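Enquirer: So that we are looking at the same thing, I have put the structure below in structure tokens.
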Amino acid sequence: MERKKRDTVFKVAGGFLVGAVNSLLGAGGGMIGVPIIRRFVPEQTRAQATCIAVIFPLSLISAGMYLYNGYMTLQDSLIYLLPGAAGALAGAFLLSKIPDQIMRRIFGVFMLWAGVRMMLR
């Protein structure tokens, strides 16, 4: 298979995997999405920003399905919404200020921390 077709298949399969993991686990899509996007985008900050742009609508779809199926209520999520929005604004501001190499290391530390935390629970 030629490279362009292989890359397209990889991107489509990666997108499906990110959506499935994000919806199934409620998180983790970025842990898969950033390395996938990083394969095609040279800068860590751009890969992370692109991944957020992909995950946001996926999260809205997942939340809608959870709400529709009665797994949650809007009232349950309101306490997290405003602080989460403030954190998102702060993170988006900081992303442009942190050098690429340091951002890669921070992302790696969070991946390790998340993995260890999940293994120990």
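Enquirer: Just to confirm, what accessible area per residue do you get for the chain at 1.4 Å probe, in whole Å²?
Expert: Each residue of the chain exposes 76 Å² on average to a 1.4 Å probe.
Enquirer: Can I ask one more? Suppose R0 equals 35 Å; then what is the FRET efficiency for Tyr66 and Arg3 from their Cβ-Cβ distance, rounded to the nearest 0.05?
Expert: Efficiency at R0 = 35 Å is approximately 0.35.
Enquirer: While we're here: Test of understanding: in a Gaussian network model of the chain with alpha carbons linked when under 10 Å, which of Ile79, Ile36, Ile106 would top the mean-square fluctuation ranking?
Expert: The residue with the greatest mean-square fluctuation here is Ile79.
Enquirer: Where in segment 1-44 are there chymotrypsin sites (Phe, Trp or Tyr not before Pro) that are in a DSSP coil and have at most 13 other Cβ atoms within 10 angstrom of their Cβ?
Expert: Answer in residue order: Phe40.
Enquirer: For the chain, give the percent of accessible area contributed by carbon and sulfur heavy atoms, probe 1.4 Å, rounded to a whole number.
Expert: The nonpolar share, carbon plus sulfur, comes to 72 percent.
Enquirer: What residue among Val34, Val21, Val109 shows peak mean-square fluctuation when the chain is described by a Gaussian network model with Cα springs under 10 Å?
Expert: Val109
Enquirer: For the chain, what is the mean residue ellipticity at 222 nm derived from helices alone (per DSSP H run of n ≥ 4: -39500 (n - 2.57); sum divided by total residues; nearest 500 deg cm²/dmol)?
Expert: Per the formula, -29000 deg cm²/dmol.
Enquirer: Pairwise over distinct Cα atoms, reciprocal of the mean inverse distance: report the Kirkwood radius of the chain in Å, one decimal place.
Expert: 16.0
The values are calculated or read from the model by the stated rules, or taken from the named source; none is laboratory data. Treat the numbers as computed from the prediction; the structure is a model and nothing was measured. Using ideal geometry, Cβ is built from the backbone for each residue, glycine included, and neighbour counts are taken over all protein chains shown. Remember, those area values only see protein heavy atoms, side chains included, never the ligands or the DNA or RNA. Shrake-Rupley method; radii C 1.70, N 1.55, O 1.52, S 1.80 Å.
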